[in-house]
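To start, the structure itself, in structure tokens.
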Amino acid sequence: MVLSQETQDRIQANWREVQSQVDAAIASSGRSDAVRIVGVTKYVGPELTSLLVQAGCELLGENRPQVIWEKHAWFEEQGLTQPQWDMIGHLQRNKARRTLPLIGWLHSVDSPRLVNTLQAEAERAGIVLPILIEVNVTSDQEKTGLQPDALPAILDQLGQCESLAPRGLMAMSSHFSGGDQARREFASVRELRDQYSQRYPDLELSELSMGMSGDFREAIAEGATLVRIGSSLWEGIERT
Ligand SMILES: *Cc1c(COP(=O)(O)O)cnc(C)c1O
């Protein structure tokens, strides 16, 4: 497939627009620290993904391990510099071995069993894997992520895992469309982070991965340090 100049220009423009919206949200919440944008590329194939990297987005998020394997291989074949691939969706334990060496951060640690597997596989690969614990702060028990009352046990466990580097929490709001409800949910993630970084001074829990295309403003107002933005980057693009 040959991608048109028009497509490249549009991706470039979308990337700039998202960056300026994020900057505006940082400014209007009176913050002076940085917020990193994870460009979510799950909607598109490797070529469009590479155009986003070319436009300047070098931190990418994918929610399926197989897709990271495929895109990583494609970048390799093309002789392209690899972006940082962050895993933002559920990682099945039997896919950890193949996935860990390819990723930067794992945002979605959601069970003690997964922690055991990750520790073993990271040690085996000779890496220290930065991770975030995914919490469910919505009232919907069906949503992904650990219940907040499961945090002490998993943080105790992580204290023993030398090949894992806990960096903070990740969460999604209940409706993805912003508003007061989303803001309250993000505030409760921040409160959990504050509470547990005091209780676990040896762990470095400074990061908050929260906010997507529809609710990153609320997330930034509540202290997000990483926003995971997909749809807005692909507006006007035929997704292939
Ligand atoms: C798809 C996805 C995103 C991006 O959502 P958009 O609404 O497309 O910006 C963020 N986080 C996770 C975990 C996702 O699966």
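Among residues other than G168 with Cβ under 9 Å from its Cβ, the summed charge is 0 (Lys and Arg +1, Asp and Glu -1).
Max-minus-min Cα coordinates of the range 134-240 on each principal axis give 47, 30, 26 Å, with the largest extent listed first. Working from the Cα coordinates of the range 119-194, the gyration tensor eigenvalues give, after taking √(5λ), semi-axes of 28, 12, 11 Å in decreasing order. In this label model, Q66 and R184 are separated by 4.0 nm, measuring between points 7 Å along each Cα→Cβ vector.
Each of R193, R31 was scored by other Cβ atoms within 10 Å of its Cβ. Listed from fewest to most, they are R31, R193.
Of all the Cα-Cα pairs you can form in the range 1-144, what percent are over 22 Å apart? Within the range 1-144, distances greater than 22 Å cover 49 percent of Cα pairs.
Taking a straight line from the alpha carbon of K143, these lysines sit under 27 Å away, with near neighbours fewer than eight places off in the same chain left out: K42, K95.
By other beta-carbon atoms within 10 Å, ranking D202, D9, D110 with the fewest at the front produces D202, D9, D110. Look at the alpha carbon pairs under 8 Å that are at least 6 residues apart: their mean separation over the length of the chain gives a relative contact order of 21 percent. Every Cα-Cα pair in the chain was counted, and those over 32 Å apart are 19% of them. Taking every C-alpha pair closer than 8 Å and separated by at least 6 residues, the mean separation divided by the residue count of the range 1-71 gives a relative contact order of 35 percent. In the range 156-227, Cα pairs under 8 Å separated by at least six residues give a relative contact order of 35 percent.
Rule-based calculations on the coordinates, nothing more; no lab input. Keep in mind that this is a model prediction, so the values were computed, not measured. So basically every Cβ, Gly included, is an ideal-geometry build from the backbone, and we count neighbours across all protein chains shown.
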